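What follows is a set of notes on a single structure, which appears directly below.
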Amino acid sequence: MADWNDPRSTRQGFGASQGFTGASVPRTGEVFDAGLRKHMLSIYNYMASGVLLSGIVAMVFASTGLAYSLMSSGLGIVVMLAPLAIVFAMSFGQGKFSTSTLQAMFWGFAVLMGMSLSTIFLVYTGASIAATFFATAGAFAGLSLFGYTTKKDLSAMGTFLIMGVIGLLVASVINIFLQSPGLYWAITYLGVLIFAGLTAYDTQKLKQQYAYVRGTEYAGKAIVMGALSLYLDFINMFLFLLRIMGSARN
């Protein structure tokens, strides 16, 4: 739960003002804030490291020609679906998996995503991919900062956005058969807006979650799962923006 709603954040324990040595002892709220910052920083570090690993793998596959081989073989479908399988496994199995197992699954997911993302270098120019990546990074930073600092409850918006993701998936499957340019662009712009909103929502949710997981054995798992959520927000927003900003190869 957010710090301003936690009564412990303003309460002092016995001897909180001075010890026998005269040194100031941090108040409970200060300890909570420091722990929260450390918790969120760990999530961002994992998330950024995962995105970096995926980017390195994607560039290696693209530069060595493995991306083309992947796209032209049946293995490409497996690589594209494998990250989704890992996401479901992590989401539904987080209660029984150990923290180290979830970490290994997260890194495996990042590698497989990099292999899958390598095919975008066959479609778009490197310059437009780089420009879109930095635009996404800037937008993600601003949206995540908003989600972290706002005192407005975003839970109602989150429910609406999750329903929007389901709608995007359904519309995307339908458009595989319809091949409608209008529906394609509607999905694209809605996708950007939905994952932009989810970035703020997930950040606030992870911040509020800290009050429940701090000091428990689930704290490490929460960091990995939080990084996975923000990774998915970032990558999906990047891919939808790339449809808009990307320049096709000649």
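The values are calculated or read from the model by the stated rules, or taken from the named source; none is laboratory data. Computed from a prediction, not measured in an experiment: that's the story for all the values here. Neighbour counts run over all protein chains shown; Cβ positions are idealised from the backbone, glycine included.
How many residues does segment 61-79 hold that are of a type in the set (A, V, I, L, M), without any contact (Cβ under 8 Å) to a residue 40 or more places away in the chain and in contact with a Leu (Cβ under 9 Å, 6 or more places away or on another chain)? Spell out the reasoning first.
Step one: list which residues in segment 61-79 are of a type in the set (A, V, I, L, M), which gives 62, 66-67, 70-71, 75, 77-79.
Next, only the ones that are without any contact (Cβ under 8 Å) to a residue 40 or more places away in the chain stay: 75, 77-79.
Retained after the next criterion (residues that are in contact with a Leu (Cβ under 9 Å, 6 or more places away or on another chain)): 79.
Summing the residues that are of a type in the set (A, V, I, L, M), without any contact (Cβ under 8 Å) to a residue 40 or more places away in the chain and in contact with a Leu (Cβ under 9 Å, 6 or more places away or on another chain) in segment 61-79 gives 1.
Against the conditions (1) of a type in the set (A, V, I, L, M); (2) more than 30 Å from F32 (Cβ to Cβ); (3) crowded, with 20+ Cβ neighbours inside 10 Å, I166 satisfies every one except (3). Out of A171, A211, A156, A227, report the one residue that is farther than 30 Å from A104 by Cα, buried (at least 17 other Cβ atoms within 10 Å of the Cβ) and small (G, A, S). So the residue among A171, A211, A156, A227 that is farther than 30 Å from A104 by Cα, buried (at least 17 other Cβ atoms within 10 Å of the Cβ) and small (G, A, S) is A171. Looking across segment 221-239, the residues that are over 18 Å from T159 (Cβ atoms) and either aliphatic (A, V, I, L, M) or at pLDDT below 95 (or both) come down to A222, I223, V224, M225, A227, L228, L230, I235, M237, L239. Considering (1) small (G, A, S); (2) within 21 Å of A34 (Cβ to Cβ); (3) buried (at least 17 other Cβ atoms within 10 Å of the Cβ), the lone condition that G197 does not fulfil carries the number (2).
Of all residues in segment 105-125, those that are more than 12 Å from V57 (Cβ to Cβ) have Cβ atoms under 7 Å from Cβ atoms of residues that are of a type in the set (D, E, K, R) and surrounded by fewer than 19 Cβ atoms within 10 Å (Cβ to Cβ), 6 or more apart or on another chain, in V123/R249; Y124/R249; T125/R249.
Just one of the listed residues (R243, R249) is surrounded by 15 or more Cβ atoms within 10 Å (Cβ to Cβ) and among the charged types (D, E, K, R), and it is R243. Residues that are among the basic types (K, R) and not in a helix (DSSP H, G or I) within segment 208-250 comprise R214, R249, listed in sequence order. As a summary of the residue check, L161 satisfies the conditions (1) under 12 Å from the mean Cα position of the chain (by Cα); (2) buried (at least 18 other Cβ atoms within 10 Å of the Cβ) except for the one numbered (1).
Return the residue satisfying two criteria in turn: it lies in segment 19-38 and is in a helix (DSSP H, G or I) and modelled with pLDDT under 80, and of such residues it is nearest to L228 (Cα to Cα). Please lay out each step first, then the result.
Pass one, segment 19-38, residues in a helix (DSSP H, G or I): 28-38.
From what's left, modelled with pLDDT under 80: 28-32.
Working: T28: 30, G29: 28, E30: 28, V31: 26, F32: 24 Å.
For segment 19-38, the residue satisfying everything is F32.
Residue pairs whose Cβ atoms lie under 9 Å apart, separated by 6 or more positions or on different chains, with the first residue in segment 140-152 and surrounded by 15 or more Cβ atoms within 10 Å (Cβ to Cβ) and the second assigned to a loop (DSSP other than H, G, I, E, B), are G147/L154. Checking each residue in segment 39-88 for being surrounded by fewer than 17 Cβ atoms within 10 Å (Cβ to Cβ), part of a helix (DSSP H, G or I) and among the polar types (S, T, N, Q) picks out N45, S49, S63, S69.
Which of the following residues is out of contact with any strand residue (DSSP E or B) (no Cβ under 6 Å at 6 or more places or on another chain), of a type outside the set (A, V, I, L, M, F, W, C) and either surrounded by fewer than 13 Cβ atoms within 10 Å (Cβ to Cβ) or in contact (Cβ under 8 Å) with a residue 60 or more places away in the chain (or both): D233, D202?
D233
Out of the residues in segment 174-194 that are of a type in the set (S, T, Y) and either out of contact with any Lys or Arg (no Cβ under 6 Å at 6 or more places or on another chain) or exposed (fewer than 13 other Cβ atoms within 10 Å of the Cβ) (or both), state the one that is nearest to Y44 (Cα to Cα). I'd like the intermediate steps shown before the answer.
So the first thing to find is which residues in segment 174-194 are of a type in the set (S, T, Y), and the list is 180, 184, 188-189.
Narrowing the set further to residues that are either out of contact with any Lys or Arg (no Cβ under 6 Å at 6 or more places or on another chain) or exposed (fewer than 13 other Cβ atoms within 10 Å of the Cβ) (or both) leaves 180, 184, 189.
Details: S180: 38, Y184: 32, Y189: 26 Å.
Selected residue: Y189.
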